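To keep things clear, I will list the structure first and then write my remarks on it.
The values are calculated or read from the model by the stated rules, or taken from the named source; none is laboratory data. Just so you know, these numbers come straight off a predicted model, no measurement behind them. Every residue, glycine as well, gets a Cβ built from its backbone with ideal geometry; the counts of neighbours run over all protein chains shown. Note: accessible area is taken over every heavy atom of the protein model, side chains too, but ligands, DNA and RNA are not part of it. Shrake-Rupley method; radii C 1.70, N 1.55, O 1.52, S 1.80 Å.
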Amino acid sequence: MANIFKRREAPIILFTIVLFCIFSLISSNFLKPDNLGLILTQITTTGLISIGMLMVILFGGIDLSVGSVLAVVATVVGMLVNAGINPFVAALIGMVVGAICGAFNGLFIAWFNIPEIITTLATMFIFRGIAVAISGGEWVTNFPDSFNFFSQGKIIGIPVPIALFATGAIMFGYILSQTRFGRRVYAIGGNKEAAKLAGMSTRKTKFLVYISSGMLTSVAAVIYASQVGSIQASTAGSGIEFTVIAAVLVGGASIFGGVGTMLGTAFGVLLMGMIKNGLVLTQASVYWVDATTGFILILAIIINTVQRSRNLASREGDLV
Amino acid sequence: MKEEVNTRLKRLPSIKINTISILVILLAGLLIFFSTQSPYFLTTLNITNVLVQVTTIGLIAIPMTYVIISGAMDLSVGSILGLSAVTLGFLYESGTNIWVSVVLALVVGALAGALNGLLIARYKMQAIVVTIGTLVMLRGLVYIITKGKPISGYPDSFYFLGQGKVLGIPFSVIVMMALFSIAYILIKKTRIGRYTYALGNNEEAVRYSGINVVKVRFLTFVMSGLFAGIAAIFYVSRYASAQASAGDGIELDVITAVLIGGTHIFGGRGSLVGTFLGVLIIGTLRNGLNLMGVSVLFQTVILGVLILVAVSRQNK
Amino acid sequence: MDKPILIMEGITKEFPGVKALDGVDFELYPGEVHALMGENGAGKSTLMKILSGVYQHTAGKILLNEEEVTLNNPTVAQELGISIIHQEFNLFPNLSAAENIFIDRKEIISASGKINWSRMNAEAKALTESIGADIDVRREVQYLGVHSQQVIEIAKALSFNAKILIMDEPSAALPEDEVQKMFDVVKQLRNNGVAIVYVSHRMNEIFKIADKVTVLRDGGKVSTNKITETTEDQLISEMVGKEVGDLYPDKTKRIFNESVLNVNDFDITSKHKVSFSLRRGEILGFFGLVGSGTHTLAERIFGLKKGKGTVEINGKSILIKNPKDAMKQGIAYLPPDRHRQGLVKESSIRENMTLPILKRISNGLIIDKKAEQVINEEYIEKLSIKTPSQNQVVNLLSGGNQQKVVLAKWLTTKPDILIMEEPTRGVDVGAKAEIYRLINELSLSGLSIILISTEMPELIGMSDRILVMNEGNIVNEFKNGEADQQKLLKEASNSIDKMVV
Amino acid sequence: TETPSEGDTGGDAASTSKSFFINPKSIGPAYWAAAEKGVKQAGEDLGVEVVFNAPSTTDSAQQINMIQDMLTRQVNGVGVAPNDPEAVAPVFSNALSQDVQVVTWDSDAPDTDRKYYIGAATDAELGEQFAEMIANQIGGSGKVAFMVASLSAQNQTAKVDAATAYLEANHPDVEVVTTVSSDDDQQKAYENAQNLISTYPDLKGLVGFAGAEAPAAAQAVEEAVNAGNIEQGKIKIAGFAVPSLVKEYLENGTIEEMVTWDPSKLGYTTVYTLNLLTDGEDVEDGMEIPNVGSIKVNGDIILTGTDVLTKDNVADFGF
Ligand SMILES: Nc1ncnc2c1ncn2[C@@H]1O[C@H](COP(=O)(O)OP(=O)(O)OP(=O)(O)O)[C@@H](O)[C@H]1O
Ligand SMILES: Nc1ncnc2c1ncn2[C@@H]1O[C@H](COP(=O)(O)OP(=O)(O)OP(=O)(O)O)[C@@H](O)[C@H]1O
Ligand SMILES: [Mg+2]
Ligand SMILES: [Mg+2]
């Protein structure tokens, strides 16, 4: 039991629970099953993207281009289904497009050694331009009903978006914590030079991570398109990178790489979604929403930091 | 435990020359290209325009260069700009003397920076995370103050700051140049500069040299807040209005300029000359493409490609 | 036993602008411990990095079991049975000790592709215990102390069951008692037919463990000898290329009167308090194993660690809250790890040397470049730092010269009291002798020195008095000439032994 | 589709014919893309060069920089949809001093030197129209929520203020529970609608004040109905809509009626007006503009009129 509190995720989990209780006390509607389902549905897009972002951040990198990748994929998929292509085929094509975007990032980052933040800052601009060019500046909308499956359908009783996010989180949680590939991600993020000396190919691993990230973002894009029902390439997903990065970091990951878990990230995402939902539900004044959100974020960061210093304090050789 | 690759460092001197010269060549290339494209480009009027337009980004890029060289990051500058701007408007509207309002707006900017500094320097929190938090929170505060309504109507004397000229040169440009020069001297010739570079290279070694690293880092963030406040004053004066969305998203422009200027994203290396050139390049590019009537959508793609081309050369 | 397992022939390695190795021949036989010695920058690590696939040589060839091999990356070398403990730590701070030992290894992956954690942890535990260390292998390495980290490096190298084991200064971060345990393991491996290359600057170790010794100088091979057929003096002169006199100064007949620093019931942690006094011009040695509190004491006096309690300096009671307070009292502190704590490695010598005194050499705001250059010239000469210019980036200097820069940095503050911790860690004999000479000169000119070291010959040779710390207490004091290695070790470790039992 | 890029006609065009700079609030959103069509059409019809450009975000400072740049290029007229109506005043007077004609469109800046404002209706009229429409649909009493694209855009706040005042005066039993903003982000608009439905179990109406709000609201309502959380028809939707975006919701009954106008008509009228002004002519009340129809001129305000969108006429709109 004592071990739970030592875990890196402990503060964020506790914090989420406390906030959950506060919202429940303020608003009776918050605890309703419908609303809890709503929160889960609403976090699926950021959730899926944050899985990829977690891996990127574990490397010590950052991906600013996710919002633009989302726009490209959502536009492509939307146009394909409107052209009469089967939604599932369209979604698969979308994943290929996402993977290509990821590969493009990966190429510049892993092979040309351009720092992540610079590459993805550039591709954020470039992909957005491509998305708008593809759409011709028009709304992509009026999707066939069959496309609603990705937002309103159910798999064994679970709404599709939630099922997809849960599958992604569990799968990548497993990969990250239990497989050689996953541990390579941590190792490279922890000490790149040592990883090279241990004979790991940092390039290949990075490249794969960016491709995975692109594909996860494209799954999010399909859900996004289906949920929102209309896509405006110039704005779809813009700014989502901040929410996602905040979720991953609030979830205990370190921007310097090597530190962070899927569980923590999932709670980070949940926390962000809960704040957004809860602040509307508690009927806080609209002008106070952003300020409160920022304040809660900072609180979460402070709590994470306290945990970290507690861990460091128990470092071996206190007396050296 | 994170040892950097040794071989890269050997080339430090040549990198320095390359960065600046590449930027100069790039800027010259842009100037030549645009002047062939538009007869209005190389006019005094237009050049003045470009300089005035970059003052906001330029002013904020000065401390941002320090912050990034010292190994940190400040994403909250846009929100601080917004906060200072509406503070100025709010105070003046509620009867405070305009110059007192200006000073108080600067104080608010510096205080916001101090909040970042406190959390990051004193309590060792990750700069990116903290400043994402303050970015959201301070912007929220702006909306609480203004309830979304722009605040306008300032005395004429105040408009001199953002719209007036001295000897034909816009006053805001003179101030930006002066602050760039001062900052250049500070970083090249004073302790603060040495500490800033050293902090970005090896914070631990600086601490073991008996230097108060908390104070130095704190100072860079206060500076960042203060300069966002200065930018806010010129912003309000130039646009005659303090709007709640003022400065929204400006951090990306500023960081882009600093990175194009050759400052290393992980700290330890960079220069104000580079930043200044980076700011000019972005401003020139925007202006030239506008004159050519190129849609912003393609402008951003061009900017993206430029970042890849210009910055990748330097960070190899 | 007759055939060499490894032959390196005419190995040359050029870095841009540096010829690090020039036609080096090297042979290694199964079942031998072959020591590799040489000054800092002689090329030892480079040769070993070539052997382990980290670098590729520019000329020459490598034969393993009489077959020519191409070692173009670390994995290839590992698969051929070559394993290395690098001089610099190569650990993943964010991963557990066990994961560090078995990182990226097929052996611990089960058929399903999942990592077999229980097997990995058990094997890691067994390996670390075989070196006599007691480590929680599930703990993240960043929360472990330096010596545990060294143990992990050794365990990692051992885990390969290699035929050739390269140990590049493995003892640098280990206290004497653990070095002893490591030697037991090395001997056992040798008896099992493993060929071991052992790189070290510690003469006593070489004579204790090595069968053969090869000396490198300036990237070339000087000699290979059986250990029984050479002497310490011969090795030193081969390494340096000239005769080196006595390493340690004459310590007899030194008298001290006034005490400069009085420490009375000063807390190094809230639980531990110490008392001692340091006199003007004295070199006061501190010996203690890891965990004894010597490092904490140093950081506490210098104000890097927080705590309560005052010290008396020149009879005045002083509260030191931060390094600035300490520096105001004329205290300077040479930290043990020059890479992490000592140097801003991407900056020049000039910028490093004046870092603590920038305020003093500034005219108002602006740094007085002239004054800075003069100070640099003075100390580069005084400490004979080998560098083309004071603008040289520190990172490109050899270890010994880097250490001298850190020392110079503190001397520029013109201290009254200098706390030195591991002043010669990883420094070659030549540079060591110079640093000892400097320390002695400084003490003669009235500087009072606290010398904290885990290298006993150094402490015994240099100190006027030695205090032994154990478990946060000062347990004994040895006057000049009273101490020897056995006594020190016994005092430093006996209560620990008792507690373990 | 035609690219918005204008290419390199800059130099000679200025000497041979007139050129106008038409400046929406931002580039990208489909509302402005629709407006661009009208602008381009007018350019062709009238034989003038038009540049249609704006920053990629609704940023007032960048918008003013761009206007300044185009003044350097010596265009003959500018039509601006200002992001901040106060902040454009200096640049407008600057333009006038260079004999450049200035009008605003879509969003007004009444306290500046602009010659005309071209809109579908005034913000006050629109706000009142929205208010009347929702009050009507919910039977004159009950809780409604407002959905806006921005909390700081003047054309949004003006409509909200007018709607609120109108409801207070004419339908005191209608309670406006809150105003939420999407920041022009469709997903946020959609989540806002979901959260509103969840927060106010007795909510009866949602009013969308910008293009992205109504479809998002309809999508959320439809989902809630399908999931059995609310009854069909319990929550009404009113406000502004782009016909093609709400077509399916009108057809399946989630939305009954909406207010709409064609942004391309605004764009066309803007160019048309600038062309008249630079020729030294002026607009007149009731004037027929090709492709637009007759306009109403009231002082310095030109109105092209609005339409009420129902399931019967939604197919007739070409945007
Ligand atoms: N203390 C330092 N540590 C590491 N790098 C430094 C330090 N000081 C300067 N530099 C490096 O020097 C470069 C020079 O910066 P700057 O642009 O100010 O020089 P400059 O203007 O080209 O020089 P000068 O005025 O002498 O021509 C930077 O890119 C930075 O990497
Ligand atoms: N990556 C590199 N790039 C350039 N020069 C290098 C590099 N690595 C080593 N050198 C140079 O090669 C020479 C040999 O260095 P090496 O590290 O092999 O010495 P060493 O004998 O191991 O010294 P020490 O006792 O300090 O460990 C030195 O002059 C060093 O500066
Ligand atoms: Mg070495
Ligand atoms: Mg070395």
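Projecting the Cα positions of C:462, C:451, C:396 onto the charge dipole of chain C (unit charges on Cβ atoms of Lys, Arg, Asp and Glu, taken about the Cα centre) puts C:451 furthest along the positive direction. Total buried accessible area between B and D, probe 1.4 Å, nearest 100: 3000 Å².
About the Cα centre of the stretch C:345-414, how large is the charge dipole given +1 on each Lys and Arg Cβ and -1 on each Asp and Glu Cβ? Please answer in debye to the nearest 20.
Working: 11 positive and 7 negative charges, 32 e Å.
So the dipole magnitude of the stretch C:345-414 works out to roughly 160 debye.
Take each residue of peptide B:146-155, count the partner chain Cβ atoms within 10 Å of its Cβ, and average: the result is 5.
Checked against a 22 Å cut-off, the cross-linked pairs C:125/C:181; C:44/C:212; B:149/D:234; B:189/C:409 give Cα-Cα distances beyond that limit for B:149/D:234. Remark: the stretch A:44-319 carries a charge dipole of roughly 700 debye about the Cα centre, counting +1 on each Lys and Arg Cβ and -1 on each Asp and Glu Cβ. For the stretch A:44-319, the spread of Cα coordinates along the three principal axes comes to 69, 49, 38 Å, biggest extent given first.
Annotation note: GluC sites (Glu not before Pro) in the stretch C:191-243 located in DSSP loop regions with a Cβ neighbour count of at most 14 within 10 Å are C:243. With coordinates expressed along the principal axes, the C-alpha atoms belonging to the stretch C:303-363 extend over 39, 31, 16 Å, beginning with the largest. Each peptide in B:228-240, A:113-125 was scored by the mean count of other Cβ atoms within 10 Å over its residues; highest first, the order is B:228-240, A:113-125.
Taking every protein chain into account, the 1.4 Å probe leaves residue C:425 with about 70 Å² of accessible area, to the nearest ten.
Which whole-number percent gives the relative contact order of chain D, counting Cα pairs below 8 Å spaced six or more residues apart? With pairs under 8 Å counted, the relative contact order is 18 percent.
Return the aspartates and glutamates within reach of residue C:114: Cα separation strictly under 19 angstrom, same-chain partners fewer than 8 residues apart disregarded; answer none if there are no such residues. Answer for residue C:114, where 19 Å is the Cα cut-off: C:99, C:104, C:123, listed by chain and number. Normalised by the number of residues in chain B, the average gap of Cα pairs under 8 Å and 6 or more apart makes the relative contact order 34 percent.
Of all the C-alpha pairs in the stretch A:1-81, what % are more than 19 Å from each other? For the stretch A:1-81, the fraction of Cα-Cα distances above 19 Å is 62 percent. When every Cα-Cα distance of the stretch C:6-246 is counted in 10 angstrom steps from zero, the calculated P(r) takes the values 7, 31, 35, 20, 5, 1, 0 percent. The distance from the alpha carbon centre of the stretch C:449-489 to that of the stretch A:22-66 is 59 Å, rounded to a whole number. Over the stretch D:263-319, the ratio between the Cα radius of gyration and 2.2 N^0.38 Å evaluates to 1.28. Note on the protein assembly as shown: Cα-Cα pairs beyond 54 Å make up 33% of the total pair count. Among the listed pairs B:188/C:359; C:305/C:369; C:345/C:386; D:159/D:296, those whose Cα-Cα separation exceeds 23 Å are C:305/C:369. Packing here is the average count of other Cβ atoms within 10 Å per residue, and on that basis the peptides A:98-105, C:468-475, A:14-21, highest first, run A:98-105, C:468-475, A:14-21. The antiparallel fraction among DSSP beta bridges confined to the protein assembly as shown stands at about 45%. Here's the picture: charge each Lys and Arg Cβ at +1 and each Asp and Glu Cβ at -1 in the stretch A:44-319, and of A:280, A:127, A:79 the one pushed furthest to the positive end of that dipole is A:127.
Gyration tensor over the Cα atoms of chain B: the corresponding equivalent ellipsoid has semi-axes (square roots of 5 times the eigenvalues, largest first) of 30, 27, 17 Å.
Separation of the stretch C:82-106 and the stretch D:152-197, taken as the distance between their Cα centroids, equals 59 angstrom.
I'd like to compare C:285-294, C:386-395, D:42-51: which one has the highest average count of other Cβ atoms within 10 Å, and what's the full order after that?
Working: C:285-294: 25.4, C:386-395: 16.5, D:42-51: 19.8.
Descending mean neighbour count gives C:285-294, D:42-51, C:386-395.
Residue by residue along A:111-119, Cβ atoms of other protein chains within 10 Å of the local Cβ number 5 on average. Computed about its Cα centre, the charge dipole of the stretch B:2-314 is approximately 800 debye, with only Lys, Arg, Asp and Glu carrying charge at their Cβ. Inter-chain neighbour count for D:83-94: the average number of beta-carbon atoms from partner chains within 10 Å of each residue's beta-carbon is 5. Surface calculation, 1.4 Å probe, protein heavy atoms: residue C:57 sits at approximately 50 Å² accessible. Entry note, the stretch C:6-246: relative contact order of 28 percent, from Cα contacts under 8 Å with a spacing of 6+ residues.
Ordering A:288, C:117, A:111 by accessible surface, largest first, gives A:288, A:111, C:117; the 1.4 Å probe counts only protein heavy atoms, with every chain in place.
Here the Karplus relation 6.51 cos²θ - 1.76 cosθ + 1.60, evaluated at θ = phi - 60°, turns the backbone of the stretch D:36-52 into coupling constants of 4, 4, x, 4, 5, 4, 4, x, 5, 4, 9, x, 10, 7, 10, 10, 10 Hz, with x for every Gly and Pro. Which shape class, rounded, prolate or oblate, goes with the stretch C:390-436 when its Cα gyration tensor gives a ≥ b ≥ c as root eigenvalues, a/c under 1.5 marks rounded, and past that a/b bigger than b/c marks prolate? It comes out oblate by the Cα gyration axes. Farthest towards the positive end of the charge dipole of the stretch C:6-246, among the residues C:100, C:117, C:83, is the Cα of C:117, using unit charges on the Cβ of Lys, Arg, Asp and Glu.
Here the simple spin-label model places points 7 Å from the Cα toward Cβ, and for residue D:294 and residue D:251 these points are separated by 3.4 nm.
In the stretch A:39-139, Rg over Rh equals 1.00, where Rg is the alpha-carbon radius of gyration and Rh the Kirkwood radius from pairwise Cα distances. Accessible surface for residue C:350 stands near 30 Å², nearest 10, in the context of the full protein assembly shown (1.4 Å probe).
Using a probe radius of 1.4 Å on heavy atoms only, what accessible surface per residue do you get for the stretch C:6-246? Whole Å² is fine. Show your work: numbers first, answer last.
Numbers: 9300 Å² over 241 residues.
Accessible area per residue, the stretch C:6-246: 39 Å².
Partners of residue D:265 within straight-line reach, counting aspartates and glutamates whose Cα lies under 16 Å from its Cα and excluding those fewer than 8 residues away in the same chain: D:36, D:44, D:45, D:106, D:288, D:307, D:316.
If the viscosity is 0.692 mPa s and the temperature 37 °C, what translational diffusion coefficient in µm²/s does Stokes-Einstein give for the stretch B:206-299 when Rh comes from Kirkwood over Cα pairs? Let's see the in-between values first.
On the way: Rh = 15.9 Å.
Once the numbers are plugged in, D ends up at 206 µm²/s.
Averaging the Cα positions of each part gives two centres, and for the stretch B:50-103 and the stretch C:337-404 these lie 38 Å apart.
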